[in-house]
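What follows is calculated from the coordinates using simple rules that are stated; it is not laboratory data. Worth saying up front: this structure is predicted, and the values here are computed from it rather than measured. Ideal geometry is used to build each Cβ from the backbone, glycine not excepted, and the neighbour counts take in all protein chains shown.
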Amino acid sequence: MGWGSILSTLLGALIGVFSTLAADWSRAIRDRRANDQDVRRQTYADYLAALAQTRNLLRLAARSRSTPLEERARNAMEAFREGSAYELRYQIALVAPTAVVDASTAAFRALRDLRDLVEEGATHTEQDYLVLRDHWESCFAELRAAMKSDLTGVRP
């Protein structure tokens, strides 16, 4: 057996090993990206649901004109505790890109401002409430768009 056949066999084996390693490396990267996207998608969905639940509870507190002011204020504060938006906001900060984190912060602050207004006694028909509600809805729409853009890769 000559050196040529040994070298060609060795070269073929090396090519096979490196091809397999490259394919496995590529698959691992693809799987990790898919897993990261699944984690972001679930975190985004949970956060949007928490914000929506909090908003709904605030809406109920603002619509309760017959409820005493102290109880409405307590209900508004409870809306934030029950909604879990605080906790999920920090998860967003860990997994999301800057654009989503910024939109998340803006939406959260708009919702918090709405809560503060309800705590002060505002009801759902007052002008200040309507302005902040519209601001919240705008921020929430921007947050959803930023999340969708991150998940799909399509920029608005």
Would you kindly derive the ³J(HN,Hα) couplings of the range 117-128 from the backbone phi angles with the Karplus curve 6.51 cos²θ - 1.76 cosθ + 1.60 (θ = phi - 60°), listing them in order in whole Hz, with x for Gly and Pro? 5, 5, 4, 6, x, 5, 10, 5, 9, 6, 4, 4
To the nearest 0.05, how large is the calculated FRET efficiency for SER149 and ARG74 if R₀ is 30 Å and r is the Cβ-Cβ distance? 0.20
Fewest-first ordering of SER19, SER138, SER104 by Cβ atoms within 10 Å yields SER19, SER138, SER104
Backbone HN-Hα couplings from phi across the range 43-57 [Karplus 6.51/-1.76/1.60, Hz, Gly and Pro as x]: 5, 4, 4, 4, 5, 4, 5, 5, 5, 5, 5, 4, 4, 5, 5
Cα gyration tensor of the range 86-156, axes a ≥ b ≥ c as square roots of the eigenvalues: rounded (a/c below 1.5), prolate (a/b > b/c) or oblate? oblate
Starting from the Cα gyration tensor of the range 40-152, multiply each eigenvalue by 5, take the square root, and state the resulting semi-axes largest first in whole Å. 27, 14, 10
Positive end of the dipole of the chain, charges at C-beta (+1 Lys, Arg; -1 Asp, Glu), about the Cα centre: which of ALA145, ALA73, GLN91 has its Cα farthest in that direction? ALA145
At 222 nm, what helix-only mean residue ellipticity would the chain give, in deg cm²/dmol to the nearest 500, using -39500 (n - 2.57) for each DSSP H run of four or more? -31000 deg cm²/dmol
What is the order of VAL154, VAL39, VAL101, VAL118, fewest Cβ neighbours within 10 Å to most? VAL154, VAL39, VAL101, VAL118
